[in-house]
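**Q** Input: one structure, supplied below.
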Amino acid sequence: MDTLVSDFEAANEGVTVNIEERSTDAHKDALRQVAGTDAGPDIYWYWEGPGLGGELVEAGLSKDLTAEYEQYGWADRFGEATLSNITRYGGYHGVPFTQQAEAIYYNKELFAQAGITAEPTTYEEFEAAAAKLAAAGITPITFGGTVNWHVMRLLDSLIETNCGSDTFDQLVTTETSWDTPCVDESFTQLKTWGDEYFNDGFQGVADAEAQQLFYTGDAAMAYEGTWFDSLTVDNGMDPANIGVFKFPTGTERLYGFGEGFYINAASDKPEDAAKFLDFVTSTEEQNKVVGAFSPISVNTEVPTATGNPLHELWPPLYDAASGFYLNNDQNLTLDQTTEYWRVMNSVLTGGLAPADAGAEFQAFVDSNA
């Protein structure tokens, strides 16, 4: 970001860009608080899914950028899949900045110690690998339970695995009932993973602390995204000892989400804001920073990053995917997400039987329809 900002300021004399940074959940809270007021920033970075980005669009925080897309030709800069969440509300809300994918990172040496000779390609092989790691005295996978969205990644993928893509999409749009056997099976498997394969005390651990267990070789796997390429190397890991494989759902979709920059509808500097977004997503600037945020740029003219060997592992996963299934905190409304997490945690702590989880969540959906 420092590179992008300094380049923009040098090219636009008299314009200053001030950046404010927050942790994930604090960022959500801050933007929800300024929705409907003039206290927000000129530009805000946010997720694109209907449950997060869409919430702020519905609240009136996002400026419709149809005129800016015509002025700068942005519709030709980004791919159709990347734009799908930008155009879903009518008009154009936001400018794509990353298309993140999430998959299983694993420590090759720890896999070898446990006798795992190949990347799992089915859910059964994936769970069998976790069992081998546990039997060898190795923590199979690390999660931070104090941030609900970290553990949620596993639950989302279990639902995609057991219910299939069509039913997954119908569930998250509440077009079909969550009180169904495939959801019950997913919560049952989640409970097994929490009891047998997660890091000890995960519910009292934050995501950054959980990631450290992977960096130090104290856990064999981490369910992370394309941003993790840089984090692993920055924290001293040898990329030659790291592999990445798609969560073996049995569907052709890849888990992931888009992130974008939105112009605040209340901004008194929309022209400068649009110039900035045009600049930072340009081919010249994206060529400088590709790999810092994701190995693959949202600008279709920019080649895949080569600075980190892990970047090379992602294009085959993207190319083989028929599309993406979103993280459910980006699919569901805020109230639904809160209940989804409550049910998830109740199952993990033993307060709710897995077989009752789908029915309990559906009861909430029905009562808040």
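The values are calculated or read from the model by the stated rules, or taken from the named source; none is laboratory data. Quick caveat: nothing in here was measured; it's all calculated off a predicted structure. FYI the Cβ positions are ideal-geometry reconstructions off the backbone, even for glycines, and counts take in every protein chain you see. Just the protein is used for accessible areas: all its heavy atoms, side chains included, with ligands, DNA and RNA removed. Shrake-Rupley method; radii C 1.70, N 1.55, O 1.52, S 1.80 Å.
**Q** Picking from TYR69, TYR106, TYR89, which residue would you name as being assigned to a helix (DSSP H, G or I) and hydroxyl-bearing (Ser, Thr, Tyr)?
**A** TYR69
**Q** Please determine whether any residue of region 306-327 is touching a Lys or Arg at 6+ places or on another chain (Cβ under 7 Å) and part of a helix (DSSP H, G or I).
**A** yes
**Q** Working only within region 173-212, note down all residues that are open to solvent by 40 Å² or more (accessible area, probe 1.4 Å) and closer than 18 Å to GLU102 by Cβ.
**A** ALA208
**Q** Of the residues in region 176-202, how many are in a loop (DSSP other than H, G, I, E, B) and under 16 Å from HIS150 (Cβ atoms)?
**A** 4
Here's the yes/no breakdown for (1) touching a helix residue (DSSP H, G or I) at 6+ places or on another chain (Cβ under 7 Å); (2) surrounded by 18 or more Cβ atoms within 10 Å (Cβ to Cβ); (3) under 22 Å from TRP227 (Cβ atoms):
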| residue | (1), (2), (3) |
| --- | --- |
| TYR105 | yes, yes, yes |
| GLY115 | yes, no, no |
| PRO120 | yes, yes, no |
| GLU125 | no, no, no |
| GLY137 | no, no, no |
| HIS150 | yes, yes, yes |
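**Q** Here's something else I'd like to know. Let me spell it out: the conditions are (1) out of contact with any Lys or Arg (no Cβ under 8 Å at 6 or more places or on another chain); (2) open to solvent by 10 Å² or more (accessible area, probe 1.4 Å); (3) not polar (S, T, N, Q), and PRO270 meets all of them except one. Which number is the exception?
**A** So the condition that PRO270 fails would be (1).
**Q** Under 6 Å between Cβ atoms, at least 6 apart or on separate chains: pull out the pairs that start in region 266-295 with a residue that is more than 17 Å from GLY79 (Cα to Cα) and touching a residue at least 40 places away in the same chain (Cβ under 8 Å) and end on any residue that is assigned to a loop (DSSP other than H, G, I, E, B) and open to solvent by 10 Å² or more (accessible area, probe 1.4 Å).
**A** Partner pairs satisfying both residue conditions: ALA266/ASP38; SER267/ASP42; LYS269/ASP42; ASP272/VAL15; ALA273/ASP42; ALA273/SER267; GLY291/GLY307.
**Q** Filter region 206-263 down to residues that are touching a residue at least 60 places away in the same chain (Cβ under 8 Å), outside any strand (DSSP E or B) and farther than 30 Å from GLY40 by Cα, then give me how many there are.
**A** 21
**Q** For residues in region 30-67 being open to solvent by 20 Å² or more (accessible area, probe 1.4 Å) and among the charged types (D, E, K, R), which is nearest to the chain's Cα centre (by Cα)?
**A** GLU55
**Q** Any residue at all in region 338-359 that's closer than 22 Å to ALA101 by Cα and either open to solvent by 10 Å² or more (accessible area, probe 1.4 Å) or among the small types (Gly, Ala, Ser) (or both)?
**A** Yes, that holds for at least one residue.
**Q** Within region 14-59, track down each residue that is free of Cβ contacts under 8 Å to residues at least 12 places away in the same chain and part of a loop (DSSP other than H, G, I, E, B).
**A** Within region 14-59, GLY14, THR16, ASN18, GLU21, ARG22, SER23, ALA39 meet the criteria.
**Q** Would you confirm whether any residue within region 141-157 is assigned to a helix (DSSP H, G or I), of a type outside the set (S, T, N, Q) and more than 20 Å from the chain's Cα centre (by Cα)?
**A** No, region 141-157 contains no residue that is assigned to a helix (DSSP H, G or I), of a type outside the set (S, T, N, Q) and more than 20 Å from the chain's Cα centre (by Cα).
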